[in-house]
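Engineer: Starting off with a structure, shown below.
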Amino acid sequence: MAFESLSEKLQNVFKNLRNKGRLTEADVKAALKEVKMALLEADVNFKVVKQFIKSVQERAIGQDVLNSLTPGQMVIKIVNEEMVSLMGSETTEIPLKPSNEITIILMAGLQGAGKTTTCAKIAGKMKQKGRSPLLVACDVYRPAAIRQLQVNGEKQGVPVFAMGENQNPVNIAKAAVEHAVKNNMNVVILDTAGRLHVDEEMMAELQNIKAALDIDETILVVDAMTGQDAVNVAKSFDETVGLDGVILTKLDGDTRGGAALSIRAVIGKPILYVGMGEKLSDLEQFYPDRMASRILG
Ligand code: GDP
């Protein structure tokens, strides 16, 4: 289960609040100080934490809360609501064009983030929605990546378009869309090359693909376990390439939760899905309210 350590700390703070009965302004401030520490230890972005605590405090210190019959409960409720709003409030789906048109999804991310696996997971979701997806191997630098996409595509029963390594990714992407048109496919998922770190060449390649094709959705795949690094990576991809949404992988191994709690607030783009394991079925829609309940218990 993700976020154990954050969850445990917050639940302790809440237990004390609930047990107190009457609350003073100082009690609320002390509790929020502990919430703040817990969030910082969970590697939530500092500015995000500051704003979050401010919002909660503004709502929690009013007389109607403090004089209510269950002030502790009310403070907890406010923390919950503000946490949901931090993560975007609503569930965001990948917007799809009508079935007789092709939706092109560009998947970007650093090497090892889980991009190739996630492409296959998304293809599976598209199939479940009754769509006809095509996976496209645009990562021409790693032969293993092409092979991996083919293996995963086969597992999902989704065709994979590949032209080998000696081709320009833009040409591959264009040829793939033509292939999709001819074969009545309606979702094209481009698996692009990642690098170990954010670098100009990778960004330029993504920009070229975006300039040459009518990309409908640009999605970044980031590893939740890297915490604030994930947030910084998302920020630079958004500034350079432009993102429509983010998929957070490896949430199953993330005990802290910093990326999940910060990314939306920092880049203003929604988390679409979360990866919960290595299996191709381990991809879940992201529900901010369920995530907040998981964390707050
Ligand atoms: P890429 O380099 O970004 O294409 O990354 P890969 O798709 O090759 O994935 C890198 C590793 O992360 C593989 O071992 C995947 O099985 C693993 N992985 C991907 N997503 C998840 C996830 O949500 N949870 C876990 N635990 N592992 C994942």
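Laboratory data are not the source of any read-out in this text; all were calculated from the coordinates shown. What you see is a predicted model; the values in this text were computed from it and never measured. Glycine gets a Cβ as well: all are built from the backbone with ideal geometry, and neighbour counts include every protein chain shown.
Engineer: With a 10 Å Cβ neighbour count serving as the proxy for reagent exposure, in which order, fewest first, do SER132, SER5 appear?
Structural biologist: SER5, SER132
Engineer: Pick from GLY72, GLY258, GLY227: which is most flexible by mean-square fluctuation in a GNM of the chain where alpha carbon atoms under 10 Å apart are linked?
Structural biologist: Highest fluctuation of the listed residues: GLY72.
Engineer: Leaving out same-chain residues fewer than 8 places away, which aspartates and glutamates sit with a Cα under 15 Å from that of LYS279?
Structural biologist: GLU154, ASP252
Engineer: If each residue's Cβ is checked for other Cβ atoms within 10 Å, how do ASP27, ASP254 rank with the fewest at the top?
Structural biologist: Ascending Cβ contact count within 10 Å gives the list ASP27, ASP254.
Engineer: Using the Cα centre as the reference, give the magnitude of the dipole from point charges on the C-beta atoms of the chain (Lys, Arg: +1; Asp, Glu: -1; all else neutral), rounded to the nearest 20 debye.
Structural biologist: Dipole magnitude for the chain comes out near 760 debye.
Engineer: Taking the range 1-144 on its own, what percent of its Cα-Cα pair distances exceed 22 Å?
Structural biologist: Tail fraction, whole percent: 57.
Engineer: Lys pairs in the range 83-179, Cα-Cα under 19 Å, at least 8 apart or on separate chains: how many?
Structural biologist: Final tally of qualifying lysine pairs is 12.
Engineer: Fewest first, what order do CYS119, CYS138 take by the number of other Cβ atoms within 10 Å? Walk me through the numbers on the way to the answer.
Structural biologist: Numbers: CYS119 32, CYS138 28.
Listing CYS119, CYS138 from fewest to most nearby Cβ atoms yields CYS138, CYS119.
Engineer: Another question, then. Any chance you could check the Cα centroid distance between the range 125-182 and the range 21-56 for me, in angstrom?
Structural biologist: The distance from the Cα centre of the range 125-182 to that of the range 21-56 comes to 46 Å.
Engineer: Please compute the volume of the convex hull spanned by the alpha-carbon atoms of the chain and report it per residue in Å³.
Structural biologist: 121 Å³
Engineer: Springs between alpha-carbon pairs under 10 angstrom, Gaussian network model over the chain: which of ALA204, ALA234, ALA265 fluctuates most?
Structural biologist: It is ALA204.
Engineer: A further question on this structure: Rounded to the nearest 10 degrees, what's the angle between the helix 115-128 long axis and the longest principal axis of the chain, both from Cα atoms, 0 to 90?
Structural biologist: 90 degrees
Engineer: Using the eigenvalues of the Cα gyration tensor, what equivalent ellipsoid semi-axes result for the range 175-286 when each is taken as the square root of five times the eigenvalue, whole Å, largest first?
Structural biologist: Working: eigenvalues 129, 65, 29 Å².
Calculated on Cα positions only, the semi-axes equal 25, 18, 12 Å.
Engineer: Then there is this: Beyond 23 Å, what share of the Cα-Cα pairs of the range 146-229 remains, rounded to the nearest whole percent?
Structural biologist: Values: 976 of 3486 pairs.
Considering the range 146-229, 28 percent of its Cα-Cα pairs are separated by more than 23 Å.
Engineer: In the range 97-170, if every C-alpha pair distance is counted and binned at 5 Å from zero, what percent goes to each bin?
Structural biologist: Binned Cα distances yield the sequence 3, 16, 27, 26, 17, 8, 3.
Engineer: Pick out, from SER281, PRO133, SER7, the residue whose Cα sits farthest towards the positive end of the charge dipole of the chain, with +1 on the Cβ of Lys and Arg and -1 on the Cβ of Asp and Glu.
Structural biologist: SER7
Engineer: Given the convex hull of the Cα atoms of the range 248-297, what is a quarter of its surface area in nm²?
Structural biologist: For the range 248-297, averaging the hull's shadow over all directions gives 3.5 nm².
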